[in-house]
Amino acid sequence: MDRKSIKLAPSILAADFARLGEQVIEAEKAGADRIHVDVMDGHFVPNISIGVPIVQSLRPVTRLPLEIHLMIEEPDRYLEAFIEAGADSLLVHQEGAVNLHRTVQHIKLLGKRAGVVINPATPAGVLEEILPDADLILVMTVNPGFGGQHFLHGTLGKIRRIRQLIDQVKPECELEVDGGIDALSARLVVEAGAGVLVAGSSIFGVPAGVTRAMEHLRASLK
Ligand code: DX5
Ligand code: ZN
């Protein structure tokens, strides 16, 4: 993959929520390609984060696509609400969508991009049947639920296998990774075939600020 075409998706989970609008604007100015919004319900993952009103408030603040990572049970119940609030793409977990194909079709019928997410313990093979319908595959490189965890190196082989599968079956499908992405792991996942990198702590949790943090991440890919 051409390093210059790698996309960065700052995850606002690590932002200062009291200054969320400002931080998203700063990320946009610094060259972010999309904004990643982590929605957690305390059931699918052991943590509660943010929901529909945050998406609604962010919509007028940025022109960047808002990508909603649904770490919730019964995601079908909330698709419309997130789309009405301004979501551009909805990412649902293979492990949490009982009728995954129906959910993906529903998102597309509503005119938005559909992503399928898999956890570290979920094998690449589960993607085989759904890949033709997905616009994006998101590989979790930590267990979902919390920001600031260590990148799991064991996921690299799977990223490589999914890259091969995508190249064979649907080359236009994006391959994104999420969790523990910093200047070191970014290089590894890109070498393995990832094209979109979600990063929370290494963008919003850096004392030098969002702009410097994003420059540093991009520089690590050169
Ligand atoms: C984890 C979330 C991630 C999280 C990444 O469950 O899906 O998007 O914000 O945070 P970092 O980059 O700090 O690992
Ligand atoms: Zn996420």
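The values are calculated or read from the model by the stated rules, or taken from the named source; none is laboratory data. A quick note: this is a predicted structure, and the numbers were derived from the prediction, not measured. Backbone-built Cβ (ideal geometry, glycine too); neighbour counts: all protein chains shown. Side chains are part of the model used for accessible areas, which takes the heavy atoms of the whole protein and leaves out ligands, DNA and RNA. Shrake-Rupley method; radii C 1.70, N 1.55, O 1.52, S 1.80 Å.
Here is how the numbers come out for the structure above:
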| read-out | value |
| --- | --- |
| Region 167-216-region 53-69 distance, computed between alpha-carbon centres (Å) | 20 Å |
| Of Phe146, Leu109, Gly51, farthest towards positive along the dipole that unit charges on Lys, Arg, Asp, Glu beta carbons give the chain | Phe146 |
| Heavy-atom accessible surface of the chain: percent carbon and sulfur, 1.4 Å | 52 percent |
| Taking the chain and dividing mean pair separation by its residue count, relative contact order in percent (alpha carbons under 8 Å, at least six apart) | 22 percent |
| Residue-normalised accessible area of region 9-55, given per residue in Å² at a 1.4 Å probe | 41 Å² |
| Within the chain, percent of DSSP bridges classed antiparallel, to nearest 5 | 5 percent |
| Per residue accessible area in Å² of region 171-222, where ligands, DNA and RNA are left out and the probe is 1.4 Å | 39 Å² |
| For Glu174, distant residues with modelled amide H under 5 Å away | Leu136, Ile137 |
| Nearest-20 debye value, the chain charge dipole, Cβ charges on Lys, Arg, Asp, Glu | 660 debye |
| Karplus-derived HN-Hα couplings along region 145-160 (A = 6.51, B = -1.76, C = 1.60, θ = phi - 60°), whole Hz, x at Gly and Pro | x, 9, x, x, 8, 7, 4, 8, 4, x, 7, 5, x, 5, 4, 4 |
| His150, His43, reordered so the largest accessible area comes first (probe 1.4 Å) | His150, His43 |
| Estimated 222 nm signal from helices in the chain, with DSSP H stretches of n ≥ 4 weighted -39500 (n - 2.57), rounded to 500 | -9000 deg cm²/dmol |
| Gain upon complete extension [Gln56, Arg77; 0.36 nm per residue less C-alpha separation] | 5.8 nm |
| Tensor-based shape of region 2-61 (alpha-carbon gyration tensor, a/c under 1.5 rounded, otherwise prolate or oblate) | oblate |
| Where labels lie 7 Å past Cα in the beta-carbon direction, separation of Ala183 and Ser220 in nm | 0.8 nm |
| Karplus 3J(HN,Hα) series, Hz, for region 173-186 with 6.51 cos²θ - 1.76 cosθ + 1.60 (x for Gly, Pro) | 6, 7, 10, 10, 10, 8, x, x, 7, 9, 4, 7, 6, 4 |
| Contact order normalised by residue count of region 43-150, Cα under 8 Å, 6+ apart, percent | 24 percent |
| Peptides ranked, highest mean first, by Cβ atoms within 10 Å: ranges 203-209, 128-134 | 203-209, 128-134 |
